[in-house]
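The block underneath contains the structure these notes are about, expressed in structure tokens.
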Amino acid sequence: MTVAKQTWEQADIAAKKAVPEGLWVQCRRCGATIFGKTLEASLEVCPKCDHHHRVSARVRIRQIVDPESFEPFNADLTASDPLNFVDVKTYRSRIEAARKKSGENDGCLTGVGFVKGRKVVLAAMDFAFLGGSMGSVVGEKLARAAEYAIDHDLPLVIFSCSGGARMQESGYSLMQMAKTSAVLARFDEAGGLFISVLADPTTGGVTASFAMLGDVILAEPRALIGFAGPRVIRNTIRQDLPPGFQTSEFVKNSGFVDRIVHRRDLRSEIGRIIDYAGK
């Protein structure tokens, strides 16, 4: 009987297939290989280099709120395709693929929960859904969240993680910048407290609207924050950019961010701000 011999390469491929997906994670910044449970326990922050990995909207909410306290609302809102937009794919096919990838109906999760015992209206953007881009659904959910906070006299906390406006919705997407800014103006007039938390990345139309309108603006370490990306700016002005350009540290030193907060401290910091504001 002939026994087939397995090459080292075949054995290596077979061994890799036998390892459950997500068991080990490679840090995007330092390249360290991290046990998945260790990374989860550290709130998706690399224990080697302190890199803050991107997290889904649901993970973000779970990290912030008191256990079992979050109640989502407007979760059934879904995007339409009024322009019948097509690039290399149809917009409808991109939406469907994003739903399967992220497990969400669109790029923002909203609801009400408790943060260290304080009742808060929360919104978290999900980069896994078309880069966290802001289309009509995201804008509507953010507007409804702010209106709920007005009606119930609650603080509002929004976690931004977005590439900006959603190009497949064209003008409908850009209108969300005005919509979110207008409702936040009403929220401010009503005496509301808006805490804006900027994660990597916060760019484009999100930066140019609601993300920079917080009464207090917090940012995670080394997050990319800006309007156009550094590569676009560099190619436009044909000049080298300052070291650390558009990082949260650079933006804070320029006066656009109030404080940089490590992810492990966000819960406590949000609670402290709410208490200080008397909300």
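Points to keep in mind about this one:
- Filtered by the rule that a residue be of a type outside the set (Val, Ile, Thr), farther than 30 Å from residue 277 by Cβ and not in a loop (DSSP other than H, G, I, E, B), the stretch 205-254 gives 230, 231, 234, 235.
- Criterion: modelled with pLDDT of 95 or more, out of contact with any Leu (no Cβ under 9 Å at 6 or more places or on another chain) and under 30 Å from residue 150 (Cα atoms) - qualifying residue of 223, 219, 199: 199
- Residue satisfying all of: in the stretch 172-208; in contact (Cβ under 8 Å) with a residue 40 or more places away in the chain and among the polar types (S, T, N, Q); farthest from residue 87 (Cα to Cα) among these: 180
- When 68, 147 are screened for being part of a helix (DSSP H, G or I), within 26 Å of residue 275 (Cβ to Cβ) and out of contact with any Phe, Trp or Tyr (no Cβ under 7 Å at 6 or more places or on another chain), only 147 passes.
- Selection count where residues are touching a Gly at 6+ places or on another chain (Cβ under 7 Å) and not in a helix (DSSP H, G or I), scope the stretch 127-144: 3
- The stretch 255-279, residues that are surrounded by 14 or more Cβ atoms within 10 Å (Cβ to Cβ) and assigned to a strand (DSSP E or B): 260
- So residue 213, is it touching a Cys at 6+ places or on another chain (Cβ under 8 Å) and among the hydrophobic types (A, V, I, L, M, F, W, C): no
- Looking across the stretch 137-166 at every residue that is hydroxyl-bearing (Ser, Thr, Tyr) and within 17 Å of the chain's Cα centre (by Cα), the one that is farthest from residue 64 (Cα to Cα) is identified as 162.
- Within the stretch 151-171, being touching a residue at least 12 places away in the same chain (Cβ under 8 Å) and surrounded by fewer than 19 Cβ atoms within 10 Å (Cβ to Cβ) holds for 152, 153, 167, 170.
- Residue list for the stretch 239-253, filter: exposed (fewer than 13 other Cβ atoms within 10 Å of the Cβ) and modelled with pLDDT of 95 or more: 253
- Verdict on residue 192 being surrounded by 19 or more Cβ atoms within 10 Å (Cβ to Cβ) and either modelled with pLDDT under 95 or part of a helix (DSSP H, G or I) (or both): no
- Residue that is surrounded by the most Cβ atoms within 10 Å (Cβ to Cβ), among those in the stretch 172-189 that are hydrophobic (A, V, I, L, M, F, W, C) and more than 17 Å from the chain's Cα centre (by Cα): 184
- Residue within the stretch 102-120 that is assigned to a helix (DSSP H, G or I), touching a residue at least 40 places away in the same chain (Cβ under 8 Å), touching a strand residue (DSSP E or B) at 6+ places or on another chain (Cβ under 6 Å) and not small (Gly, Ala, Ser) present: no
- Yes/no for residue 48 being part of a loop (DSSP other than H, G, I, E, B), basic (Lys, Arg) and modelled with pLDDT under 95: no
- Qualifying residue in the stretch 233-242 (condition: without any contact (Cβ under 8 Å) to a residue 60 or more places away in the chain, touching a strand residue (DSSP E or B) at 6+ places or on another chain (Cβ under 9 Å) and not acidic (Asp, Glu)): no
The values are calculated or read from the model by the stated rules, or taken from the named source; none is laboratory data. Note that the structure is predicted; figures quoted are calculated from it, not measured. Cβ atoms come from the backbone with ideal geometry, glycine included; neighbour counts cover every protein chain shown.
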